[in-house]
Amino acid sequence: MRHDETPTLSPAAGPRTPVPGSASPGPSPWVLRLVTVGLVLAALNLRPAITSLGPLLEEVRDTLHMSGSVAGVLTSVPPLCFALFGFMAPRLARRFGAGAVVCAGMVAITAGLLIRPFAGGTAGFLAASALALMGIAVSNVLMPVIVKRWFPDRVGTVTGLYSMALALGTALAAALTVPLTDALGGSWKTGLAVWAGLSAVAILPWIPLVRDRGTGAGQPAGRAGEQAPALRITRSRTSWALACFFGLQATAAYITMGWIPQIFRDAGISAGTAGVLLAVVMAMGVPLAFVIPRVATRLRTQGPIVLVLSGCGLLGYAGLYLAPAGGAWLWALLLGVANCAFPLALTMIGMRSRTGAGVVRLSAFAQSTGYLLSIPGPLLVGVLYQHSGGWGLPLALMAALLVPQTIAGMLAGRDRAIEDEC
């Protein structure tokens, strides 16, 4: 099975890709351009709600009187929300259309970012964060689905494009939050709320796609939709391997986004520089998130890429333990390379199924199950940090988790389709 075969689509939102021998015309060029702009703008907003918090976490903790353990809970909220709400995405897409769900997701992100800093108290902060993360969760799941359906012959290229945009948004939020906070009066509340402006812009290109349901989820199921119930995703070993790989890379990513700035600050680095170092970690994903999916789709198996990324992660964690301040920039670069397991996982989701219906189910299963598996990681790091008084044990945990991540990635990267295993 070639990963670039044009699939027959399930009844989720998006254009029905013509199958060989069909006379149905494809989508018009302006619609494809609109979808591309929408994907890029949406991707830019899938991480600032998280990475804008890391550089200001100490100020938020002081104002809201959080302990280290509670702050660990705060860093565990993103994967928890992604797991819970990610499972809802396929059902919502079938009912309302993927475009409408992503548009609603951008609205939720905007509202959550506006409300969060001014909600008052830890409970309100967490609730507003959950609202924004709910919008991110459904969009996370539907991004590979939209790519597979609108661009079935360019999965690697378009996945790389929106992965690059996602990495760019992640890095910008990490680098600019502290300078924006200082420029806007020094209040962390304003520094966090300002990112709602970017998500508000991302709503616009999805508005014309809300009503595009002629072949969307609201219509009766076609052939692929009739076949979809026969696909038992949990019977596939590749699905489980991909879910584990996704979960373990998410664990590393959210530990990095939530705690790496604090590691650098505890090593004597200023808050502004710590934010820039986190931005370097995230910025590595800008070029690599475009390159890695393109390379991955040209390889029969993706195991070699997994090995390279894991090796960089091990070197980065070792450096943080031995000389966190002295080699800070090098460790940031290495961890940035390791974090590119995320676009690799997204690419493999699109490659491990022959059909659009399969991608819907695999994306929801791998991402939601993976995020569920990642929940304990950031919380455990916070507990270990508070009780040990240093970063030795947390860094040992982060390095140890790379071993099962590598094994799962090697298994998920094998050249096979979930339809054969189910």
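The values are calculated or read from the model by the stated rules, or taken from the named source; none is laboratory data. Here the structure is a predicted model, which is why all the values come from computation and not from measurement. Backbone-built Cβ (ideal geometry, glycine too); neighbour counts: all protein chains shown. When the accessible area is computed, the model is the full protein with side chains, heavy atoms only, and any ligands, DNA or RNA have been set aside. Shrake-Rupley method; radii C 1.70, N 1.55, O 1.52, S 1.80 Å.
Assigned to a helix (DSSP H, G or I), open to solvent by 40 Å² or more (accessible area, probe 1.4 Å), under 24 Å from Gly258 (Cα atoms) and modelled with pLDDT of 90 or more: is that true of Leu131 in this structure?
Against the criterion (assigned to a helix (DSSP H, G or I), open to solvent by 40 Å² or more (accessible area, probe 1.4 Å), under 24 Å from Gly258 (Cα atoms) and modelled with pLDDT of 90 or more), Leu131 qualifies.
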For this session: Being open to solvent by 30 Å² or more (accessible area, probe 1.4 Å) and among the aromatic types (Phe, Trp, Tyr) is the filter here, so list the residues in region 352-390 that pass it.
Result: Tyr385
Problem set entry | Which listed residue is hydrophobic (A, V, I, L, M, F, W, C), over 18 Å from the mean Cα position of the chain (by Cα), assigned to a helix (DSSP H, G or I) and surrounded by 18 or more Cβ atoms within 10 Å (Cβ to Cβ), from Ile349, Ile305 | Ile305
Exercise. Here are some residues: Pro90, Pro29. Which one is touching a Ser or Thr at 6+ places or on another chain (Cβ under 9 Å) and at pLDDT 70 or above?
Worked result: Pro90
Seminar exercise, completed: With the first residue restricted to region 284-304 and required to be more than 18 Å from Pro144 (Cα to Cα) and touching a residue at least 60 places away in the same chain (Cβ under 8 Å), and the second required to be of a type in the set (Lys, Arg) and open to solvent by 60 Å² or more (accessible area, probe 1.4 Å), Cβ contacts under 7 Å at 6 or more apart or on different chains are Thr301/Arg414
For this session: Within region 178-196, track down each residue that is open to solvent by 40 Å² or more (accessible area, probe 1.4 Å) and not polar (S, T, N, Q).
Result: Pro179, Leu180, Asp182, Ala183, Leu184, Gly185, Gly186, Lys189, Val194
Exercise. Looking at region 264-275, which of its residues are surrounded by fewer than 24 Cβ atoms within 10 Å (Cβ to Cβ) and modelled with pLDDT of 85 or more?
Worked result: Arg265, Asp266, Ala267, Gly268, Ile269, Ser270, Thr273
Problem set entry | Filter result for Ile115 (in a helix (DSSP H, G or I) and crowded, with 24+ Cβ neighbours inside 10 Å) | no
Problem set entry | Subset of region 145-188 (residues that are under 29 Å from Val337 (Cβ atoms) and of a type in the set (Lys, Arg)) | Lys148, Arg154
